[in-house]
Amino acid sequence: MSEGDLSSFESSIDEVFRRLGLPDPVLMSRLTADWEELAGSPWSGHSTPLFIQGKTLVVEADSPSMVAFLRYGSADLIRVLGDRLGDGVVTQVEVRAPVRR
């Protein structure tokens, strides 16, 4: 497979994900792996990225008391992620309370 074929394949996969409304797997992988560095304070250590739906990043707070605090700072997170991932990749953040396990 040539480099051009690989690039065409990647474009096709990206298009399939977009049509199905699925998040970019590379983007989600990067967010998950580099969350602490990408998100920064106060998000690092207090939240976990769960998934992206459209342009909305869904994040789980580490405690119920952090939900409102993190929601208040979501505009800052959107700006930071825009600088680091590209403008418009994430336009909203939904913060959820932790799931009881």
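The values are calculated or read from the model by the stated rules, or taken from the named source; none is laboratory data. Values in this document were obtained by computation on a predicted structure and should not be read as measured data. Heads up, the Cβs are rebuilt from the backbone with ideal geometry, glycines too, and the neighbour counts pull from every protein chain shown. Side chains included, ligands, DNA and RNA excluded: accessible areas come from the protein's heavy atoms. Shrake-Rupley method; radii C 1.70, N 1.55, O 1.52, S 1.80 Å.
Within region 84-96, restricting attention to residues that are at pLDDT 95 or above and of a type outside the set (Val, Ile, Thr), which residue is most open to solvent (accessible area, probe 1.4 Å)?
Result: Gln92.
Which one of the conditions (1) open to solvent by 70 Å² or more (accessible area, probe 1.4 Å); (2) closer than 20 Å to Arg84 by Cβ; (3) modelled with pLDDT of 90 or more does Val59 fail to meet, given that it meets all the rest?
Result: Val59 fails condition (1) only.
Can you name the residue in region 13-54 that is assigned to a helix (DSSP H, G or I) and modelled with pLDDT under 65 and, of all such residues, is most open to solvent (accessible area, probe 1.4 Å)?
Checked region 13-54; the qualifying residue most open to solvent (accessible area, probe 1.4 Å) is Arg19.
Does region 65-74 contain any residue that is part of a strand (DSSP E or B), among the charged types (D, E, K, R) and surrounded by 14 or more Cβ atoms within 10 Å (Cβ to Cβ)?
No, region 65-74 contains no residue that is part of a strand (DSSP E or B), among the charged types (D, E, K, R) and surrounded by 14 or more Cβ atoms within 10 Å (Cβ to Cβ).
For region 56-70, which residues satisfy the criterion of being of a type outside the set (Ser, Thr, Tyr) and farther than 18 Å from Leu31 by Cβ?
Within region 56-70, Pro64, Met66, Val67, Ala68, Phe69 meet the criteria.
Test each condition in (1) outside any loop (DSSP other than H, G, I, E, B); (2) surrounded by fewer than 17 Cβ atoms within 10 Å (Cβ to Cβ) for Leu77 and report the one that comes out false.
In the conditions (1) outside any loop (DSSP other than H, G, I, E, B); (2) surrounded by fewer than 17 Cβ atoms within 10 Å (Cβ to Cβ), Leu77 misses (2) alone.
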